[in-house]
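The values are calculated or read from the model by the stated rules, or taken from the named source; none is laboratory data. Model, not experiment: these values are computed from the prediction. Heads up, the Cβs are rebuilt from the backbone with ideal geometry, glycines too, and the neighbour counts pull from every protein chain shown. Note: accessible area is taken over every heavy atom of the protein model, side chains too, but ligands, DNA and RNA are not part of it. Shrake-Rupley method; radii C 1.70, N 1.55, O 1.52, S 1.80 Å.
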Amino acid sequence: SGRALLENMEISNQITRLMIDAARTQSDITGDGTKTAAVLTGELLKKAHPLLKMKVHPRVIIDGYQKAGKKALEVLDNNAIDLSIDDEASLINVAKTTIGGRVTGKSKDHLARLIVSSIKVIAKMSQGKTKVDVDNIVTRKKDGGSINESYLLKGIIIYKDKPHAEMPGRIENAKLALIGSAIDPFIYETGETLLEYTLSAPAQMRSFKEGENKFYRGFIEAIKRSGANTLFCQKRVSKTMQAFLAKERILAFDLVSEKDMVRLAKATGGSIITKLEELEPGDIGSAGLMEFRNISGDAMLFI
């Protein structure tokens, strides 16, 4: 690529460094157009050279280029046209131009159609204008296939395998509980600090185990009361709790990222609850289908 070519050149002077910085900035912002940026930068420097020989101050030249840049943007805005969300052919052409030269042929056509299809799914009308919240589009990448195998999923993919062998691998009409705190008797009350206990007699061990089991049964009852059959926890779920949940055929995940928790809440209509005992039926999200699928050798949760 243009960026790689420039970055591997031997830097002989500050002008070369300027060209490399221009290409790097262009690549970071748009992902394409590095050679164009380098050519334009070279032409601007070429035009500036005779002005410098005429003793024109560099600041004056810079101000002139900045004014020209603003004028160029003004001309572009004046020549811009409004596109309807229903004008699929034009939108596909815009997408193909945006993709640039990194992808070509049928793959480029395929990606452009996927982009337009995803935008049409999430587009909403507001005050006579089409609004698109790009946070509602997430790209999941996986090695092992071709670009043409990419497809649009109206849902969410979580990069997690089944946590426990006895938990279900497929749930229709899934009901989701979203929990922000840890579900572990040793850290539940303190949040992050592991509690320590000193036991000096067998009776204390029995009492401790009874208390631990009571803790887990209380949570199971809270989940059942809410109607949830799937649990997503932002922090840790103890192995013992996972075993209890597996016996009840409840699918449970821990250490779910904050971004995924927010996306789950938005997509399913659920609410993220701080403590499990606060969970109410109105906080539960819903999904038509939840199942694990094997993609290039790795299991992923499709919602």
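Things to note:
- Panel note: the C-alpha atoms of the stretch 207-303, placed on their principal axes, show extents of 47, 33, 22 Å (largest first).
- Here's the list of aspartates and glutamates a cross-link from Lys160 could span, going by alpha-carbon distance under 17 Å and ignoring same-chain residues fewer than 8 apart: Asp143, Asp254, Glu258, Asp260, Glu291, Asp298.
- Rounded tilt (10° steps) of 34-53 against the dominant C-alpha axis of the chain: 40
- All lysines inside 30 Å of Lys67 as judged from Cα atoms, apart from same-chain residues fewer than 8 positions distant: Lys35, Lys46, Lys47, Lys53, Lys55
- Ranked by the mean number of other Cβ atoms within 10 Å of their residues, highest first, the peptides 64-76, 151-163, 217-229 fall in the order 217-229, 151-163, 64-76.
- Solvent-accessible area, 1.4 Å probe, carbon plus sulfur percent, for the stretch 93-189: 49
- 16 Å Cα-Cα reach of Lys224 towards lysines, excluding residues that sit fewer than 8 places from it in its own chain: Lys175, Lys214, Lys247, Lys275
- Nearest 10 degrees, 0 to 90: helix 58-79 Cα axis against the chain principal axis: 70
- Which labelled figure in [x] 68; [y] 53; [z] 58 is percent of Cα pairs over 24 Å apart, once derived from the coordinates: [x]
- Taking Lys and Arg as +1 and Asp and Glu as -1, the other residues whose beta-carbon sits under 14 Å from that of Ala299 total +3.
- Accessible-area ranking of Arg24, Arg59, Arg102, largest first, probe 1.4 Å: Arg102, Arg59, Arg24
- Using C-alpha pairs under 8 Å with a sequence gap of at least 6, the mean separation divided by the residue count of the chain gives a relative contact order of 18 percent.
- Counted by Cβ distance under 11 Å from Arg102, the other residues give a net charge of 0, where Lys and Arg count +1 and Asp and Glu count -1.
- Only beta bridges with both residues in the chain are counted; by DSSP, about 60 percent of them are antiparallel.
- Angle between the chain longest axis and helix 105-122 axis [Cα atoms, degrees, rounded to 10]: 60
- For the chain: accessible area per residue (Å², 1.4 Å): 65
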